[in-house]
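Please read the structure below before turning to the comments.
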Amino acid sequence: MRTVAEHQRIVADLISARPPMTLPLTEAEALVLTADVVATLSLPGFDNSAMDGYAVLADDVATASAENPVKLPVAEDIPAGRTDALTLHPGTAHRIMTGAPLPAGATAVVPVEATDGSTETVEIRAAAPPGRHIRRAGEDVVAGTTVLQAGQPVTPAALGLAAALGIGTLAVRPRLRVLVMSTGTELVAPGTPLQPGQIYESNAVMLAAAVREAGAEVVASPMAGDDVDEFRAALETHLGDSDLIITTGGVSAGAYEVVKDALGGQVDFAKVAMQPGMPQGAGFVRVGGPAGERSVPIITLPGNPVSALVSFEVFIRTPLRAAMDLPHPARRQLRAVLTEACTSPGGKRQFRRGVLDRATGTVTSYGPPASHHLRWLASANCLLEIPEEITDIEAGTAVRVWDLDGD
Ligand code: AMP
Ligand code: MG
């Protein structure tokens, strides 16, 4: 049997990055920059008011107080967005709004709260030293500065900064495009009636969500029955320009193993020493298309829903994220103290579902270890990893835990 570490390496070697692309801001969200971003503008782009109030000469209001207000005629009204060039003459004020361009000659802004708010002759009730409530051009960013660096993720704030600088596209490492395919003649789509012997298909929606949660894109998530021609046809139909194919089911030791039957020779099928998730496969499929034949990496996961999702976590999620340069590609792993005794099959690495209590640093195994108990996985917050050589593990032992909440 192949070890978990060996199969992790084989899968990681299959998954490669796409070349950098220049994408519109909305599509670059949450990706990682592949080039520095240099400001071509300064921010602010011009001196402007930090308050709603009155642009004045500081000297004109130097003596102003509530008891001895200074009265100034209001010569202009400057809302944000006014584009004509204005000059403030000594002995006058301009009413000005936050973000509006400061008139030439003005040396301070008096907030509206320190005035009577008049639009004709304003009563200024407080002095404003030179520079008060003025945002200077270039105070935030000076044109020519590198404001974001290659390797930084495109966070909401990074998008905001790029937009503020008038930058509409970013060079990023693009998302991998993943085709998720379920197999099984017994499967029917949720929402349709079940015949005896049929079950609802659950891997497609689950793995598609896992792929997206990992930061990649789902091309399609169809299902096919256990028929080689049907499987092949579905693959060709939905492949599009996928960078990776993930299938579930049809890879174990029985008859009607459609994925094995269809892809023997192209995919290396192996037993991996783990529970759940023993039957695995990885390789390349040659698929035709309008652009000619090409090879696409494929990872074939077992069909049991728990095996499928645990296998995705153990083998695919980390290299998938790494191929997109995403920060923290692997789940956070930590050691936690087991609250009760557990058993594990000898010679296999066991991944139990667990509930991690971060406050106490303890972990409790959650539900049976078998691979069809999806209910427990849905409410677990960690995977509890028990090494191959261990068969009995005492309460109070520290075990390795994969924290499934976040990175
Ligand atoms: P297989 O690996 O195809 O032999 O499937 C193993 C078990 O997982 C069987 O009980 C299948 O019915 C079940 N199974 C396979 N694929 C799915 C799926 N997409 N959704 C729900 N159960 C599945
Ligand atoms: Mg099957």
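The values are calculated or read from the model by the stated rules, or taken from the named source; none is laboratory data. The structure presented is a predicted model; accordingly, all values stated were derived computationally and were not measured. For neighbour counting, all protein chains shown are included, and Cβ atoms are generated from backbone atoms with ideal geometry for every residue, glycine included. Side chains included, ligands, DNA and RNA excluded: accessible areas come from the protein's heavy atoms. Shrake-Rupley method; radii C 1.70, N 1.55, O 1.52, S 1.80 Å.
Checking Gly225, Gly215 one by one, the residue that is farther than 16 Å from Leu239 by Cα and within 16 Å of ligand 1 (Cβ to nearest atom) is Gly225 and no other.
Can you find, within region 228-260, the residue that is nearest to ligand 1 (Cβ to nearest atom) among those that are acidic (Asp, Glu) and over 18 Å from Val296 (Cα atoms)? Break it down stepwise before answering.
Residues of region 228-260 that are acidic (Asp, Glu), as a first pass: 229-230, 236, 241, 243, 257.
Checking which are over 18 Å from Val296 (Cα atoms) leaves us with 229-230, 257.
Values: Asp229: 17, Glu230: 14, Glu257: 7 Å.
That would be Glu257.
Scanning region 80-102 for residues that are surrounded by fewer than 12 Cβ atoms within 10 Å (Cβ to Cβ), under 46 Å from the mean Cα position of the chain (by Cα) and not acidic (Asp, Glu) turns up Gly81, Thr83, Ala85. The numbered conditions (1) under 24 Å from the mean Cα position of the chain (by Cα); (2) surrounded by fewer than 18 Cβ atoms within 10 Å (Cβ to Cβ); (3) within 28 Å of Ser252 (Cβ to Cβ) are all true for Ala163 except (3). Taking region 103-139 as the range and being of a type outside the set (A, V, I, L, M, F, W, C), under 47 Å from the mean Cα position of the chain (by Cα) and surrounded by fewer than 16 Cβ atoms within 10 Å (Cβ to Cβ) as the test, the residues that pass are Glu113, Pro129, Pro130, Gly131, Arg136, Glu139.
Yes/no per residue for (1) over 27 Å from the mean Cα position of the chain (by Cα); (2) not in a helix (DSSP H, G or I):
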site: Asp13; (1), (2): no, no
site: Thr26; (1), (2): no, no
site: Asp60; (1), (2): yes, no
site: Thr63; (1), (2): yes, yes
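In the set (1) open to solvent by less than 60 Å² (accessible area, probe 1.4 Å); (2) under 47 Å from the mean Cα position of the chain (by Cα); (3) not basic (Lys, Arg), the condition left unmet by Asp77 is number (1). If you go through region 270-300 and keep only what is open to solvent by 10 Å² or more (accessible area, probe 1.4 Å), in a strand (DSSP E or B) and touching a Lys or Arg at 6+ places or on another chain (Cβ under 6 Å), you end up with Ala270, Gln275, Ser295.
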